[in-house]
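Structure first, then comments.
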């Protein structure tokens, strides 16, 4: 039973959380095959869920529904809008093989090197992780609010509204960690219908935190990354932050 739990945890650790808009509702989902849900969250895990629009922000309330969390959007969302979400941190422990696969897959070269130097490559990984998510909802009008940082600890900031970019144009984003550009971070982008983590576009950020991604075809896309640093708490060797950004082209 323990081995099965650890295998499940290793798989779940790589799952992304994203938000999509459907029939006037925001749906929060967790999974690998974007945007199909394999798991969801409950109300108690939400730090905040709100719609940001030209007139300000409004909190959204909802409930868990099977494998997703659903919240109704305001009846009228004037102009382009953005939904933002933060999820409470959670602690997990992965056995060494699972943790090593995870950090290799995410390109955490500094974490791999630190574990090797400390002689911990064959030790379990104890990680506390937080999740942040954004959803862009297009509409007529001024879209500058969509392009401004919101202050998430890890944040994906689009440098132009993807919905208004010419066909075939790359999407450029800036990655901020604690309000500062994050260099060398592995960032990926994938379209609806993508299976697993076979992202068609993967790149690392420049010193400016900026990165260009080939999210060029029409339809629903998401950008994602995970950033991991040494933990500062006794129960967590590592502290990680997951971020996603969903938009239409």
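The values are calculated or read from the model by the stated rules, or taken from the named source; none is laboratory data. Bear in mind that the values here come from a model prediction, so they are computed numbers and not experimental data. For neighbour counting, all protein chains shown are included, and Cβ atoms are generated from backbone atoms with ideal geometry for every residue, glycine included.
Just a few scattered comments:
- Residue that is nearest to the chain's Cα centre (by Cα) [pool: residues in the range 104-118 that are buried (at least 20 other Cβ atoms within 10 Å of the Cβ) and in a helix (DSSP H, G or I)]: 111
- Some residue of the range 83-103 being modelled with pLDDT of 95 or more and assigned to a loop (DSSP other than H, G, I, E, B): yes
- Any hit, the range 86-93, residues being closer than 18 Å to residue 184 by Cβ and buried (at least 20 other Cβ atoms within 10 Å of the Cβ): no
- Selection within the range 184-199 - surrounded by fewer than 15 Cβ atoms within 10 Å (Cβ to Cβ) and touching a residue at least 12 places away in the same chain (Cβ under 8 Å): 184, 193, 195, 196
- The conditions of being within 23 Å of residue 246 (Cα to Cα), out of contact with any helix residue (DSSP H, G or I) (no Cβ under 7 Å at 6 or more places or on another chain), in contact (Cβ under 8 Å) with a residue 40 or more places away in the chain and surrounded by fewer than 17 Cβ atoms within 10 Å (Cβ to Cβ) are met by residue 72.
- Just one residue in the set 168, 107, 139 is more than 28 Å from residue 24 (Cβ to Cβ), touching a strand residue (DSSP E or B) at 6+ places or on another chain (Cβ under 8 Å) and at pLDDT below 95; that residue is 107.
- Only one of the numbered conditions (1) touching a strand residue (DSSP E or B) at 6+ places or on another chain (Cβ under 8 Å); (2) surrounded by 15 or more Cβ atoms within 10 Å (Cβ to Cβ); (3) more than 13 Å from residue 228 (Cα to Cα) is violated by residue 148, and that is (2).
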